[in-house]
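The block underneath contains the structure these notes are about, expressed in structure tokens.
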Amino acid sequence: MESLTSSPLRMIALLVAAITVIPTAFAILHTMARLTTPTATRRERLLDQVWLVIPLAVMILMLTLVARA
Amino acid sequence: MTTDAPTAARASRAEVTGLGAIFRDYVKLTKPRVISLLLVTTLAAMFIAERGVPDGWLILWTMIGGYLAAGGAHAINHFTDRDIDGAMGRTDARPVVQGRITPVRALAFGIALGIASALVLGLSSNWLAAAMGLAGLIVYVGIYSLWLKRTTIHNIVIGGAAGAFPPLVGWAAVAGDLSLYAWILFAIVFYWTPPHFWALALLIKDDYTRADVPMLPSVHGEQVTQLQVLLWTVAMLGVSVLPCAAGLAGWPYFVAAMVLGGIFIHFALRLWREGTRRMAKVTFHYSLLYLALLFVAMAVDAA
């Protein structure tokens, strides 16, 4: 596998991924953090926040892993 | 007493028709239309893992095993969701709701398919592929259907993981392990699920409200959902180019991912701006085509 710096495709794809994933993850977090399930208990509301954060954190983590691959 | 020939023929035809109807109902329990897209991702993952055309028998048995795993999950879902299904127009004709198949039989059928899938995948390829098939079933039934679907608006985001297991099954069947690329395939399906499913949920929002299922549009309205469809589609495009960023796919796939993703974003943007039912329908149908074409592009690029 070519290193990141010597492969234009890897670099461009990583840039596209970073530009789309990072701001969007924050936008999703910002817009969805306020949304809760009306019938949810306190514990379920806390879980709602966990369910929101996990996929976004994993998305950023994957981006990092791919950049280091 | 003797039976005349026409009467016997009619009775025989009725019996065959009856058996045919029962067979069709059991096939319906597996949701074959949904599985066909899942199998496209399994098959593509096999081609990518092989970097060419995998063995024909391995393809056949993996497809059968994959069908059985997903079909088992769906059949059990007919059992767990029978109360919800009856309240929704999209699902109120299902065999369990209509009483043509008893709930216990649907459950037993689903469990049997799950066990059969593990055996087929385990014996024909390896036990990692079998474990991935079963993991998808368990996430779909245990995490999505029984837990999150009824309790949180994030149900289909986390539950979407269930639909992301088929590429792992295909990859594991060929490679015997799960590399970074396999997990990227998982991630692509995972992040595709929210915009795909919320577009559908916009179309049947009232059904979900009637069934008291906290889907995003029925809880927080259409505008909120339309914005989330757009945001998750943009994020999904970023995830879809990760194979190139990791050095695992080439320019042909990159171009395909950008074009297909660009069209998806175009529809999602129009859905957000116009907010029409027509655009929700277009976005939903395009999302199906998108996933199939994206995985085909990846397979062609790898081959």
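The values are calculated or read from the model by the stated rules, or taken from the named source; none is laboratory data. Because the structure is predicted, anything quoted here is derived from the model rather than measured. Please note: Cβ atoms are built from the backbone with ideal geometry, for glycine as well, and neighbour counts cover all protein chains shown. These area figures cover heavy atoms from the full protein model, side chains too; ligands, DNA and RNA do not enter into them. Shrake-Rupley method; radii C 1.70, N 1.55, O 1.52, S 1.80 Å.
Taken as a whole, region B:201-208 holds no residue that is charged (D, E, K, R) and within 28 Å of B:Ser124 (Cβ to Cβ).
Among the candidates A:Ile19, A:Ile28, the residue that is within 7 Å of chain B (Cβ to nearest Cβ) and within 14 Å of the chain's Cα centre (by Cα) is uniquely A:Ile28.
Being at pLDDT 95 or above, in a helix (DSSP H, G or I) and surrounded by fewer than 15 Cβ atoms within 10 Å (Cβ to Cβ) is a description that does not apply to A:Ile12.
Would it be correct to say that A:Ile28 is under 19 Å from B:Ala257 (Cβ atoms), at pLDDT 95 or above and touching a helix residue (DSSP H, G or I) at 6+ places or on another chain (Cβ under 8 Å)? Criteria not met by A:Ile28.
Going through region B:138-169 one residue at a time, which ones are within 13 Å of the chain's Cα centre (by Cα) and closer than 18 Å to B:Trp61 by Cα? Correct list: B:Phe165, B:Pro166, B:Pro167. Does B:Ala280 fit the bill of being more than 14 Å from every other protein chain (Cβ to nearest Cβ), part of a helix (DSSP H, G or I), over 15 Å from A:Arg10 (Cβ atoms) and open to solvent by less than 30 Å² (accessible area, probe 1.4 Å)? So B:Ala280 passes the test. For region B:62-104, taking the residues that are assigned to a loop (DSSP other than H, G, I, E, B), touching a helix residue (DSSP H, G or I) at 6+ places or on another chain (Cβ under 7 Å) and among the hydrophobic types (A, V, I, L, M, F, W, C), the one that is most open to solvent (accessible area, probe 1.4 Å) is identified as B:Val97.
Checked against (1) more than 7 Å from every other protein chain (Cβ to nearest Cβ); (2) surrounded by fewer than 17 Cβ atoms within 10 Å (Cβ to Cβ), A:Pro38 meets all criteria but (1).
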